[in-house]
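Following: one structure in structure tokens, then a few remarks.
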Amino acid sequence: MAPKAEVAAAAPVVAAPIKKAKKNAGETINSRLALVMKSGKYTLGYKSTLKTIRNGKAKLLLISGNCPPLRKSELEYYAMLSKTAVHHYSGNNIDLGTACGKYFRVGVLSIIDAGDSDIISRPLE
Amino acid sequence: MVKFLKSGKVVLVLSGRFAGRKAVIVKNYDEGTGSKPYPHAVIAGIERYPLKITKGMGQKRIAKRSRVKPFIKSINYNHILPTRYNLDLDLKSVVTAESFKEPSQRVTSKKAIKKLLEERYNSGKNKWFFQKLRF
């Protein structure tokens with residue numbers, strides 16, 4: 001009886017933190033993005049994000065997982081020059097488009113004003 | 001967050017006759033002007049890089065191979081790639097809005113830039129700027 005209770009008590013304690021951490025990280029970027037889409041200012045697409053970086057308005061860059069490596073490096077270099085944060089979204093451009101609530105693919109997006117979201121103030125990793 | 005396209009920034013030209021050349025921003029217009037309603041910069045760059053010189057060459061040969069042919073251009077931000085390098089050379093007095101009005105003024109501007117650039121090359125500073133970008 002006692003060992004069984006112990007085992008039962010031990011198992012959920014071990015499982016819960018791991019599950020919660022993964023769930024937190026994966027879900028919250030999408031939910032924060034949804035909040036930005038609703039309340040903040042952003043721009044989608046390579047050309048427009050470069051424009052926002054050049055004029056210093058971009059606060060955060062999100063790059064999809066299947067972005068071509070040359071373009072990814074170029075964006076990282078621009079972000080380094082302008083001291084802008086970059087987040088490599090875990091998912092391809094289709095997923096990023098869906099996360100933005102759009103019906104098209106989004107390879108790169110730039111957040112100009114986060115609105116009510118804490119996506120910029122509280123980085124995930 | 002930080003604007004980095006300022007005078008003195010070294011950039012690579014991406015398209016046009018001078019594609020692949022290195023240049024330095026002389027004056028940047030983030031908002032554009034009346035006649036050019038897009039963000040652009042006036043740049044001065046190297047059209048023909050100085051040739052490689054070695055220890056065994058004589059003085060005359062070295063002098064001939066250390067010549068730099070410059071260019072000036074007003075170019076859209078979309079057609080340049082900024083780098084982390086800077087070249088502090090006071091070109092504002094040399095290249096002005098006036099320089100682009102007449103071909104003869106272009107020539108005088110370029111002559112002045114040529115002198116400044118060759119001076120800088122011979123002093124041994126900013127080596128990266130005077131090396132051809134291999135691609």
Which FRET efficiency, nearest 0.05, do A:T28 and A:N55 yield, Cβ-Cβ r, R0 25 Å? 0.30
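FRET efficiency for B:R65 and B:N86, Cβ-Cβ distance as r, R0 = 35 Å, nearest 0.05?
Details: r = 26 Å, r/R0 = 0.75.
The formula returns an efficiency of 0.85 here.
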Compute the distribution of all C-alpha to C-alpha distances in region A:27-113, in bins of 10 Å from 0, and list the percent of pairs in each, rounded to whole numbers. 19, 57, 24, 0
If R0 is 51 Å, what FRET efficiency do you get for B:T108 and A:K83 from their C-beta distance, rounded to 0.05? 0.85
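Is there a pair in B:K55/B:K110; A:K72/B:K127; B:K9/B:K114; B:K60/B:K92; A:K47/B:K3 whose C-alpha atoms are over 22 Å apart, and which pairs would that be?
Listed pairs above 22 Å: B:K55/B:K110; A:K72/B:K127; B:K60/B:K92.
Computed over the Cα atoms, what is the radius of gyration of region B:87-135 divided by 2.2 N^0.38 Å, N being its residue count? Don't skip to the answer; put the middle values down first.
Details: Rg = 12.7 Å, N = 49, 2.2 N^0.38 = 9.7 Å.
Compactness ratio reported: 1.32.
If you average 1/r across every pair of different Cα atoms in the protein assembly as shown and take the reciprocal, what Kirkwood value do you get, in Å?
It works out to 21.7 Å.
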Compute the distribution of all C-alpha to C-alpha distances in region B:9-130, in bins of 10 Å from 0, and list the percent of pairs in each, rounded to whole numbers. 13, 43, 32, 10, 2, 0
Using label points projected 7 Å from each Cα along Cα→Cβ, tell me how many nm separate B:E47 and A:N66, to one decimal. 4.6 nm
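The numbers here are math on the coordinates, done by the rules we state, and not lab data. Because the structure is predicted, anything quoted here is derived from the model rather than measured. Please note: Cβ atoms are built from the backbone with ideal geometry, for glycine as well, and neighbour counts cover all protein chains shown.
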